[in-house]
Amino acid sequence: MEGVIDALTRDLLTREAGFDWTVTEFVRVIDARLPPRVFYKHCPELLHSLKQLPVATPSGVPVHLQLLGSDPATLAANARRALELGALSIDLNFGCPAKLVNRHDGGAALLRNPERVFNAVHAVATALDGEIPVTAKIRLGFSNRLQAVACAQAVQAGGASQLVVHGRTRDEGYRPPAHWEWIGRIRHHIDIPVVANGDIWTLEDYWKARTLSGCCDVMLGRAALADPWLAPRIRHWQATGQRLPETTWRMRAEVLKTYAHLQCQKLPERVVTSLVKQWLAQMRQGNAEANVEFQRLKRITRLDDLLHNLVVTETPETSYA
Ligand SMILES: Cc1cc2nc3c(=O)[nH]c(=O)nc-3n(C[C@H](O)[C@H](O)[C@H](O)COP(=O)(O)O)c2cc1C
């Protein structure tokens, strides 16, 4: 997720078993073949491939590389470059709702015309020539859902091997609800695996999304940050039918502290302070305690004060420490 999940966050979120794979922030492709440093910046895990190691988080969860663009030839050239740098698979972003991106003909803008979705996927699939898979992420449409199925079919016809569907149109932004039943409708019209995405904040949401969409797999976005134990909780329930205890504030605070310590190794304290607050702000969603903590901590400007005030006094319950 652009601006909020980088390689370090991926590392922290995959330390507990839960996620099957992760995806980078999008690499914006406009009209040029980008230099390797751009790919390494978005996906430092690619550097592992120089040592014949998997492009994965330190816990071994694969990292897929996402491209966002509209020109088929440029997308294809950059997909090819990513392949040369060791990418495991290329995901194409047709979901971004940002005005600036859409105005420049990227992200969800392409959903207005399924043929353009097809052309982009097909160009990338052809360039990759089966060496690595191409996958895609769409919303239900731009301003309405009339083309939802046609866009999904275009993704499949273009040669993608998997489709993630965020159950809202672009114009719906992030307003609840996500229409999981529409994801199910799409699933009935294509044969490639469909992954349901949007508004899965709890184990109950996961059950409902799974039931209404019929998808076995879901993608977590904001909730991965709001509750870093949601993916492990889902995984544990799948394996045992048992529910793991709810995530406490102390567990959240431990993650934030570890995150701050690790980010400090490469970023100035001022930047780390705002990154920690940004993650803390994400944790407020659906969690009253994190909201109280956010209100208490949001005006602190020094990192050591902030970390001191995160107050983790008792024995940590997590393996993040
Ligand atoms: C700050 C932010 C950045 C995002 N960046 C990306 C991105 O780079 N690529 C992408 O496919 N989706 C991106 N998304 C969308 C999410 O992946 C996801 O589809 C959306 O938030 C709905 O799922 P959720 O309710 O689980 O968060 C972003 C969302 C947010 C809020």
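Details
- Residues being closer than 10 Å to residue 213 by Cβ and assigned to a loop (DSSP other than H, G, I, E, B) - total across segment 154-186: 3
- Breaking point among (1) open to solvent by 50 Å² or more (accessible area, probe 1.4 Å); (2) away from the ligand (no atom under 15 Å from the Cβ), for residue 132: (1)
- Among the candidates 209, 196, residue that is open to solvent by less than 10 Å² (accessible area, probe 1.4 Å) and in a helix (DSSP H, G or I): 209
- Within segment 30-57, if we keep just the residues that are away from the ligand (no atom under 15 Å from the Cβ) and among the charged types (D, E, K, R), the residue that is surrounded by the fewest Cβ atoms within 10 Å (Cβ to Cβ) turns out to be 51.
- Criterion: open to solvent by 10 Å² or more (accessible area, probe 1.4 Å), in the same structural domain as residue 169 (by TED's automatic domain parsing) and either modelled with pLDDT under 95 or over 26 Å from residue 221 (Cβ atoms) (or both) - qualifying residue of 98, 127: 127
- Only residues that are open to solvent by less than 30 Å² (accessible area, probe 1.4 Å), within 11 Å of the ligand (Cβ to nearest atom) and of a type outside the set (A, V, I, L, M) were counted across segment 159-179, and they come to 4.
- Residue list for segment 212-238, restricted to those being open to solvent by 30 Å² or more (accessible area, probe 1.4 Å), assigned to a helix (DSSP H, G or I) and within 14 Å of the ligand (Cβ to nearest atom): 222
- Search result, residues across segment 1-29 that are aliphatic (A, V, I, L, M), within 16 Å of the ligand (Cβ to nearest atom) and either touching a Cys at 6+ places or on another chain (Cβ under 7 Å) or open to solvent by 40 Å² or more (accessible area, probe 1.4 Å) (or both): 1
The values are calculated or read from the model by the stated rules, or taken from the named source; none is laboratory data. Since the model is a prediction, treat every value here as computed from it, not as a measurement. Glycine gets a Cβ as well: all are built from the backbone with ideal geometry, and neighbour counts include every protein chain shown. These accessible areas exclude ligands, DNA and RNA; they are computed on the full protein's heavy atoms, side chains included. Shrake-Rupley method; radii C 1.70, N 1.55, O 1.52, S 1.80 Å.
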